[in-house]
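S.K.: Structure incoming, see below.
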Amino acid sequence: MAQDLASVRTLLETVPGIPCQGEAPIFAEPWQAQVFAMALSLQQRGVFTWHEWAEELGLQIKSALAEGDPDDGSTYYCHWLATLERLAVRKSIASPETLDRYVRAWIHAADRTPHGQTIELTPDDFG
């Protein structure tokens, strides 16, 4: 727990622009907190440093802005997700094909899940 707090503080100091209330990050939707937690976990495991993360996130945001992404904060955690995917591929955690397979499975699972229910992947989602 103390390591998590220290990592979050370092992250907040290293990566500008994280929406916060006081010293705590805030999230508009649950998936944003999950992306944040995945990045925190991978950094704590030594997959990347916060400086490496900040550099990659900055490149992702610049690229998105060049492609017409609105600079209004609404897509901030979409950039986190894209950054996680790029680092996962670069660090050989997952291949682009594996990531694409899971995206397609997730879309299939979301389509079959009634609104308000938890989305769960099953083997049929990968078929």
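Just so it is clear, none of the values below were taken in a lab; they were calculated from the coordinates. Note that this is a predicted model, so its numbers are computed, not measured. All Cβ positions, even for glycine, are placed from backbone atoms using ideal geometry, and neighbour counts span all protein chains on display.
S.K.: What angle do you read, to the nearest 10 degrees and between 0 and 90, between the alpha-carbon axis of helix 30-44 and the longest principal axis of the chain?
M.R.: 60 degrees
S.K.: For segment 66-127, compute Rg over Rh where Rg is the Cα radius of gyration and Rh is the Kirkwood radius from the inverse mean 1/r over Cα pairs.
M.R.: 1.06
S.K.: For the Cα atoms of the chain, what angle does the longest principal axis make with the long axis of helix 76-90, in degrees from 0 to 90, nearest 10?
M.R.: 80 degrees
S.K.: Moving on to the next point. How many nm separate the modelled label positions at ILE26 and GLU55, each set 7 Å beyond the Cα in the direction of the Cβ?
M.R.: It works out to 3.3 nm between the two label points.
S.K.: Angle check, please: helix 96-112 long axis (alpha carbons) against the longest principal axis of the chain (alpha carbons), in degrees 0 to 90, nearest 10.
M.R.: Between the helix axis and the principal axis of the chain, the angle is about 60 degrees.
S.K.: Using mean Cβ contacts within 10 Å as the protection proxy, how do 116-127, 70-81 order, highest first?
M.R.: For the peptides 116-127, 70-81, the packing ranking is 70-81, 116-127.
S.K.: Give me the distance between the Cα centres of segment 101-117 and segment 56-74, rounded to whole Å.
M.R.: Segment 101-117 and segment 56-74 have Cα centres spaced 27 Å from each other.
S.K.: Averaging the inverse of every distinct alpha carbon separation and then flipping it gives the Kirkwood radius. What is it for the chain, in angstrom units? List each step's numbers first, then the result.
M.R.: Values: mean 1/r = 0.0621 Å⁻¹.
After inverting the pairwise mean of 1/r, the radius is 16.1 Å.
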